[in-house]
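Accompanying notes for the structure given below.
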Amino acid sequence: MSHFYAMISESARKTVPTARGFKSTGITTEACAWGGKVVTRFWHSDGVDKFDVWMMPHHGSGDGELLLSGVVGNAESVEVSKEAA
């Protein structure tokens with residue numbers, strides 16, 4: 001059974017594409033523009049669902065940097081990257 005679920009809720013498509021991930025695989029999404037991309041990653045570790053958000057280059061444009069990370073559903077756990085602050 002899937003543990004993670006991703007969807008593209010707003011786009012030019014008429015349908016909403018989805019993807020599933022398991023505890024063993026996690027799930028990663030990428031949203032790209034000409035100036036770079038944002039990558040979100042979810043994974044399961046030690047009984048907890050965790051995430052991180054990265055700004056990454058796309059086709060040679062943009063910076064690569066961890067923006068924030070934390071535990072899914074726990075706002076107090078969110079850590080903003082020192083470089084991004």
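Provide the FRET efficiency to the nearest 0.05 for the S11-E83 pair, computing r from the beta carbons and using R0 = 35 Å.
Computed FRET efficiency for S11 and E83 comes out at 0.70.
What number comes out for the charge environment of P57, summing +1 per Lys or Arg and -1 per Asp or Glu over other residues with Cβ under 13 Å away?
Net charge in that neighbourhood comes out at -2.
Which of rounded, prolate or oblate describes the stretch 40-85 when judged by the alpha-carbon gyration tensor and an a/c cut-off of 1.5?
Oblate is the answer for the stretch 40-85, as a/c is 1.5 or above yet b/c matches or exceeds a/b.
Over all alpha-carbon pairs in the chain, figure out the percentage whose distance exceeds 15 Å. Don't skip to the end; give the middle numbers.
On the way: 2307 of 3570 pairs.
Looking at the chain, the distances longer than 15 Å represent 65 percent of pairs.
Mind putting a number on the dipole of the chain about its Cα centre? Charges go on the C-beta only, +1 for Lys and Arg and -1 for Asp and Glu, and I need it in Debye to the nearest 20.
Dipole of the chain, to the nearest 20 debye: 460 debye.
On full extension of the chain, what length is gained from V71 through T29, given 0.36 nm per residue of separation minus the C-alpha to C-alpha distance?
The V71-T29 span can extend by a further 13.4 nm.
Since every read-out is calculated from the coordinates, none of them should be taken as a lab result. Note that this is a predicted model, so its numbers are computed, not measured. For neighbour counting, all protein chains shown are included, and Cβ atoms are generated from backbone atoms with ideal geometry for every residue, glycine included.
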